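Accompanying notes for the structure given below.
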Amino acid sequence: MDQNKITQGGKDVRSGYGLGPVETVLSVDEVERQAAKLAAEGPSREHLGDLVGKKPLLSIERLRAGYGKMVVLHEFDLRVGAGQSLCLIGPNGAGKSTILHSIYGFTTITGGAVKMQGNDITRLSPNEKLKRAGIAYILQDTSVFPDMTVEENMFMGGFLMDRPSQAREAAERVLAKYPRLAERRNQKAGVLSGGERRLLEISRALIMEPELLLVDEPSIGLEPRYIDMVFEILHDLQHSDGKTIVMVEQNAKKGLEFADIGYVLVSGQLAMADKGSELLQNPEVGRLFLGG
Ligand SMILES: Nc1ncnc2c1ncn2[C@@H]1O[C@H](COP(=O)(O)OP(=O)(O)O)[C@@H](O)[C@H]1O
Ligand SMILES: [Mg+2]
């Protein structure tokens, strides 16, 4: 590293990578470049299995996926066990949402496999994923119907059920869990606060009683107090209801504090994988993604 040293009167004046105590704000390009170096030797498949410590509920194996002819994910692997949570972090455009899209069936998959309990579900449609494979996807962008009531929005979560009465029963079951939402059942979803809308999106995804929840950026656009509320709800779903959660979160600190397992994705490749708590302590992760 010595060749990188810039000195003036014997003092290191360079404000940059790894040298001296100077506080630095890394540019986006610089984060990308340095993170790509990390990705060059990603974690082994054995390590991903060790982090789970049991048979995985969801496993992704050597996945190659993208949109049309554009390949975003290259040989991507993931493992998460039943009742565990995993958070994906990484720079914008790294392909984090694409991983969730691929699990749910929104991408073009040209190699590898997605498995639930060892069963290959790669080619199931999103509707089949929801109805048969027990996977629900909670959209990144707000997806409630503002002109419909809270209750009607909930019924929409049961659109794949055989009878409307089943959807109504399921909605009652979920509303009973969230009095905050139940109180507003007859109001238009458009008048809900940001946090309540997020709660509605999560609740609607619970209608089909999924085992695995895919959650894209739950904190995005929310005031801090609602961010905590949303993470508490997700925590409760994992720890009280035994749901498995795979999450993308641009607030890396929140995401890694929440999740049992953290993955760092860079340019469509896995750069690091560890316990969430370990990644939080990792200086490299701190410097690149935690703003310090
Ligand atoms: N629906 C889409 N169609 C085409 N390209 C997409 C689509 N969604 C994302 N991409 C592209 O795929 C790459 C990865 O994006 P994304 O998975 O959204 O990244 P992240 O969630 O990590 O910010 C980007 O180059 C992005 O422009
Ligand atoms: Mg995204």
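Annotations for the structure displayed:
- Residue, surrounded by the fewest Cβ atoms within 10 Å (Cβ to Cβ), within segment 265-292, restricted to residues that are among the hydrophobic types (A, V, I, L, M, F, W, C) and farther than 17 Å from V52 by Cβ: L290
- Number of positions in segment 60-95 that are at pLDDT 95 or above and assigned to a strand (DSSP E or B): 23
- In segment 68-95, the residues that are closer than 22 Å to L212 by Cα, away from ligand 2 (no atom under 16 Å from the Cβ) and either free of Cβ contacts under 8 Å to residues at least 60 places away in the same chain or of a type in the set (V, I, T) (or both): R79, V80
- Filter result (touching a residue at least 40 places away in the same chain (Cβ under 8 Å) and more than 6 Å from ligand 1 (Cβ to nearest atom)) within segment 96-105: I99, L100, S102, I103, Y104
- Of all residues in segment 41-59, those that are part of a strand (DSSP E or B) have Cβ atoms under 6 Å from Cβ atoms of residues that are among the basic types (K, R), 6 or more apart or on another chain, in P56/R79; S59/R79; S59/K115.
- Of everything in segment 95-127 that is in contact with an Asp or Glu (Cβ under 9 Å, 6 or more places away or on another chain) and hydrophobic (A, V, I, L, M, F, W, C), the residue that is farthest from I233 (Cα to Cα) is A113.
- Residue list for segment 96-113, restricted to those being away from ligand 2 (no atom under 16 Å from the Cβ), at pLDDT 95 or above and crowded, with 16+ Cβ neighbours inside 10 Å: I109, G112
- Here is the figure for segment 189-218: residues that are in contact with a Gly (Cβ under 8 Å, 6 or more places away or on another chain) and either buried (at least 19 other Cβ atoms within 10 Å of the Cβ) or closer than 19 Å to G158 by Cβ (or both) total 10.
- Unmet criterion (only one of (1) surrounded by 15 or more Cβ atoms within 10 Å (Cβ to Cβ); (2) on the phi < 0 side of the Ramachandran plot; (3) more than 16 Å from ligand 1 (Cβ to nearest atom)) for G134: (2)
- Enumeration of residues in segment 188-206 that are outside any helix (DSSP H, G or I) and modelled with pLDDT under 95: L192, S193
- A residue that is within 14 Å of ligand 1 (Cβ to nearest atom), more than 19 Å from the chain's Cα centre (by Cα) and surrounded by fewer than 22 Cβ atoms within 10 Å (Cβ to Cβ) occurs nowhere in segment 81-91.
- If you filter segment 35-59 down to residues that are modelled with pLDDT of 95 or more and hydrophobic (A, V, I, L, M, F, W, C), you find that the one that is surrounded by the most Cβ atoms within 10 Å (Cβ to Cβ) is L58.
The values are calculated or read from the model by the stated rules, or taken from the named source; none is laboratory data. The structure displayed is predicted, hence computed values, not measured ones. Cβ: placed from backbone, ideal geometry, glycine included. Neighbour counts: every protein chain shown.
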